1. How would you rank ASP32, ASP131, going from fewest to most other Cβ atoms within 10 Å of each one's own Cβ?
2. SER108 versus THR78, label points 7 Å from Cα toward the beta carbon: distance in nm?
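No value in this document is a laboratory result; all are computed from the given coordinates. It should be emphasised that the depicted structure is a prediction, and the values quoted were computed from it without experimental measurement. Neighbour counts run over all protein chains shown; Cβ positions are idealised from the backbone, glycine included.
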Amino acid sequence: MASPEAFDAINEVLFDSWSETVVIYENDALSDPDSQTAFVYIEIVGDLLEQDTFGAPGENEWVEDGAAYFHVMVPNGTGSREARAIAKRLSNLFRERPVGSMNFNRMSIGSGEPGRDFPNFFAMTLTIGFDRRDITGS
């Protein structure tokens, strides 16, 4: 899993700028599982945390690399276009817009995670890669 700082940066963007759908994160409950309303399920994972500079202890820069997976869930049988359109609008929130020390630098809709069926829903995944730079490894 990614650091709390990475989670908070993504959550901040969505809290400030996204109201189109309900957003839930790992281990959150969907308030109405029988709903046929589109929503976004988000997983935030850190792939790597490594020291980028070498100097005095507590003065080094650390880099966290990771990805956020935005699973856009739409009702089964409604096609994939709306899921793709929601994913595109989500990606626009993060393009060329760093949040603090976090940069969002790789994005794809469906790459490596093609659309898939779940009970009652179809998922199209937007993947956004990030790096976060920090002094002292916090």
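1. Arranged by neighbour count, lowest to highest, ASP32, ASP131 become ASP32, ASP131.
2. Label-label distance for SER108 and THR78, simple model: 2.6 nm.
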